[in-house]
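**Q** Pasting a structure here, questions to come.
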Amino acid sequence: MGKIFENLYLILGIGVVLAVVVMLFPDTGYAPPYGTLNGVLQWSHVFFGITWIGLLYYFNFVQTPTMPQVPAELKPGVTKYIAPSALFYFRWGAAFTVLTGLLLAWSYDELVEALTLQPSQRLIGIGMWLALIMAFNVWAIIWPAQQKVLGLKPADDAAKASAAKRGLIASRTNVLLSIPMLLCMTNFH
């Protein structure tokens with residue numbers, strides 16, 4: 001039994017199978033108002049959103065403030081192994097959160113109204129625009145900066161320092177924007 005829990009991908013697969021069982025099992029009450037595809041999109045959107053924002057908060061609340069206290073000989077464990085792996089899930093969590101969110105709004109036939117901030121969809125539209133800005137920060141600012149900081153792309157010390165500052169500002173901007181974004185995403189219709 002312990003071997004099962006040592007394999008993350010197996011656990012994820014079993015989790016998906018269990019979720020499908022809950023969806024298909026009679027009398028669970030699973031009945032998305034706009035159909036199963038919409039329900040799966042919503043479920044996926046929440047999963048990827050938790051992955052993205054969870055890692056955003058991990059970087060800002062745990063890793064970044066703790067790194068100055070980590071002894072120099074231990075820092076490579078974070079910068080060579082933990083951070084690159086966490087950044088992989090962070091950036092793809094952002095991409096799939098945005099993709100599933102746009103598909104979800106489209107499935108509700110509310111995409112245009114939300115993106116153009118029409119009164120009926122203004123709150124979710126604001127949340128969508130904040131998420132789009134945040135995803136842009138992830139892919140256009142944070143990830144390129146971190147590639148330099150972590151030595152995944154060649155950069156001298158001055159370029160690394162500059163990239164670190166840019167990445168930090170973009171990441172903290174995302175923390176700031178995540179607070180109203182989550183309000184919008186959890187309180188519309």
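The values are calculated or read from the model by the stated rules, or taken from the named source; none is laboratory data. Everything numeric here is computed off the predicted structure, so don't read it as measured data. Every residue, glycine among them, receives a Cβ derived from its backbone with ideal geometry; neighbour counts consider all protein chains shown.
**Q** Do we have any residue at all in the range 86-109 that's of a type outside the set (F, W, Y), over 30 Å from T36 (Cβ atoms) and in a helix (DSSP H, G or I)?
**A** yes
Condition check ((1) modelled with pLDDT of 95 or more; (2) out of contact with any helix residue (DSSP H, G or I) (no Cβ under 9 Å at 6 or more places or on another chain); (3) among the hydroxyl-bearing types (S, T, Y)) across all residues:
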position	(1), (2), (3)
W52	yes, no, no
F59	yes, no, no
P65	yes, yes, no
T79	no, no, yes
A95	yes, no, no
Y108	no, no, yes
L115	yes, no, no
Q118	yes, no, no
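**Q** Let me ask something else. What residue, among those in the range 167-189 that are of a type in the set (A, V, I, L, M) and touching a helix residue (DSSP H, G or I) at 6+ places or on another chain (Cβ under 6 Å), is modelled with the lowest pLDDT?
**A** So the residue we want is M185.
**Q** Now for a different question. Just a yes or no: is a residue in the range 36-49 more than 28 Å from M128 (Cβ to Cβ) and assigned to a helix (DSSP H, G or I)?
**A** no
**Q** Then there's this: Given the condition crowded, with 20+ Cβ neighbours inside 10 Å and either more than 15 Å from the chain's Cα centre (by Cα) or outside the structural domain of T97 (by TED's automatic domain parsing) (or both), answer yes or no: does some residue in the range 155-173 qualify?
**A** yes
Conditions tested, residue by residue: (1) in the same structural domain as I141 (by TED's automatic domain parsing); (2) among the β-branched types (V, I, T); (3) more than 28 Å from V138 (Cα to Cα); (4) exposed (fewer than 15 other Cβ atoms within 10 Å of the Cβ).
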| position | (1), (2), (3), (4) |
| --- | --- |
| S44 | yes, no, no, no |
| F48 | yes, no, no, no |
| I53 | yes, yes, no, no |
| V62 | yes, yes, no, yes |
| T66 | yes, yes, no, yes |
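**Q** K160 passes all but one of (1) closer than 25 Å to H45 by Cα; (2) in contact (Cβ under 8 Å) with a residue 12 or more places away in the chain; which number fails?
**A** The one condition K160 does not meet is (1).
**Q** On to the next question. Which one of these is of a type in the set (S, T, N, Q) and buried (at least 18 other Cβ atoms within 10 Å of the Cβ): T116, T100?
**A** T100
**Q** Just to be sure before I move on: is L132 under 15 Å from the mean Cα position of the chain (by Cα), part of a helix (DSSP H, G or I) and either under 21 Å from I179 (Cβ atoms) or assigned by TED's automatic domain parsing to the domain that holds V40 (or both) in the structure I sent?
**A** When the stated conditions are applied, L132 passes them.
**Q** Also, I was wondering about something else. What are the pairs with Cβ atoms under 7 angstrom where one residue, in the range 138-155, is farther than 25 Å from L177 by Cα and of a type in the set (K, R) and the other, located anywhere, is part of a helix (DSSP H, G or I) and modelled with pLDDT of 95 or more? Sequence gap at least six, or different chains.
**A** Filtered contacts from the range 138-155: K153/Q147.
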